[in-house]
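Heads up, the thing below is written out as structure tokens.
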Amino acid sequence: MSFVQIVCALSARLLFILHSLIAVGRVIFVKHSWYSFLTLLNLPLVIEMVITLKRRRGKDYKWFSPAILLYLISVIPSIWILEDHYYHYDIKDTTNLTQKCQQLDESNISTNPGSQTRGIPHLDKGLRLLNSTCSDAWKLGLHQTLLLTLIIGKWLLPIGIGISKDQLSQLLLIFVGIAADILEFTSETLSEDKVKTNTVLVYTILAVWTWSMLQFPLHVAVINTESSDACQNPPSSSLLSTHKADIWNIIISLFIHDGPFFVVRMVVMCSYGVIHQMLVFFTIKNCLVVTLQLYRLYVIIEEYRTSH
């Protein structure tokens with residue numbers, strides 16, 4: 001069993017490093033070769049991998065995943081640089097950019113047959129296709145693969161002490177829902193023309209996106225709620241110790257996920273006049289979740305008062 005855990009722990013971290021290197025490679029292709037220093041951001045993840053494999057036999061922690069946090073630290077700067085480059089340079093001439101991408105896509109693959117990789121024509125064609133892909137497609141692809149890598153990587157990471165397989169499956173399902181909402185938030189708001197031309201608003205949306213990604217290293221959603229039973233909690237126990245999981249989930253929803261998303265969407269609609277069906281729907285959805293979380297907090301406090 002320990003050998004399987006070590007293999008899974010190693011595979012998850014290698015997957016994180018691979019995706020980070022792909023993002024750095026795209027930054028180097030778009031910007032300049034000196035951006036290769038971003039590869040050094042993977043060094044803490046390598047150190048963490050060695051320490052975890054040596055001291056914990058690859059097992060993750062119960063409440064927190066250092067590997068996921070270090071992976072986010074290594075990949076998010078590259079995505080920020082690509083987003084900044086896109087909105088400062090590529091977006092200025094969308095027509096020429098689209099034509100350029102199409103011309104590269106067609107001519108680079110169909111011409112210059114002598115430059116193809118000998119014996120690996122499909123690999124050469126694939127590399128040329130990646131190089132000719134437009135910046136907006138690369139941006140969206142990195143956002144999508146980032147979320148998929150987080151979910152798959154968390155699945156591969158060995159279960160921490162005190163977490164059951166049932167709790168892990170619940171956590172992964174929660175991650176899937178969070179990932180879908182985060183992807184919808186970035187793709188929906190950043191695609192608006194009035195948002196693209198406002199640098200401050202773009203940076204604000206990226207900052208909220210970065211802040212929301214902190215949900216993935218935290219495992220508070222799988223805190224053992226058995227401690228909330230009356231037989232395990234004396235009458236003098238505090239509110240936090242009695243309803244630890246519920247309160248942490250409410251805090252995360254209000255201050256990391258639905259709360260910030262609701263504020264940004266309201267700003268986009270009210271201050272910039274961007275109103276369409278999907279934006280209105282997700283704004284109402286975030287408002288409902290915030291309201292329900294506040295109501296749940298009120299119910300928890302009232303129940304605690306009546307029982308103490």
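The values are calculated or read from the model by the stated rules, or taken from the named source; none is laboratory data. The model shown is predicted, which means the values in this text are computed figures rather than measured ones. Reconstructed Cβ throughout: ideal geometry from the backbone, glycine too, with neighbour counts over all protein chains shown. We work out accessible area using only protein heavy atoms, side chains counted, and drop any ligands, DNA or RNA first. Shrake-Rupley method; radii C 1.70, N 1.55, O 1.52, S 1.80 Å.
Considering only residues that are loosely packed, with under 13 Cβ neighbours inside 10 Å and closer than 16 Å to I76 by Cα, which ones fall in the range 1-51?
L18, S36, F37, L40, L43, listed by residue number.
With the structure loaded, tell me whether E184 is modelled with pLDDT of 85 or more, closer than 29 Å to K154 by Cα and of a type in the set (D, E, K, R) or whether it fails that test.
Working: modelled with pLDDT of 85 or more: yes; closer than 29 Å to K154 by Cα: yes; of a type in the set (D, E, K, R): yes.
Spelling it out, E184 is indeed modelled with pLDDT of 85 or more, closer than 29 Å to K154 by Cα and of a type in the set (D, E, K, R).
Taking the stated definitions as given, is F29 under 16 Å from the mean Cα position of the chain (by Cα), within 30 Å of L190 (Cα to Cα) and in contact (Cβ under 8 Å) with a residue 60 or more places away in the chain?
It is false that F29 is under 16 Å from the mean Cα position of the chain (by Cα), within 30 Å of L190 (Cα to Cα) and in contact (Cβ under 8 Å) with a residue 60 or more places away in the chain.
Filter the range 52-78 down to the residues that are buried (at least 22 other Cβ atoms within 10 Å of the Cβ) and farther than 13 Å from F216 by Cα and list them by number.
T52, G58, D60, S74, V75, S78
Looking at the range 150-177 only, could you name the residues that are open to solvent by less than 50 Å² (accessible area, probe 1.4 Å) and within 22 Å of I205 (Cα to Cα)?
Those that are open to solvent by less than 50 Å² (accessible area, probe 1.4 Å) and within 22 Å of I205 (Cα to Cα): L150, F175, G177.
How do the pairs read when you match residues in the range 259-277 that are in a loop (DSSP other than H, G, I, E, B) with residues anywhere that are open to solvent by 60 Å² or more (accessible area, probe 1.4 Å), using Cβ under 9 Å and keeping only pairs 6 or more apart or on different chains?
Short answer, once both residue conditions are applied: G273/K194; V274/D193; V274/K194.
Checking V195 against (1) of a type in the set (V, I, T); (2) closer than 24 Å to K139 by Cα; (3) buried (at least 18 other Cβ atoms within 10 Å of the Cβ); (4) modelled with pLDDT of 90 or more, which single condition isn't satisfied?
(4)
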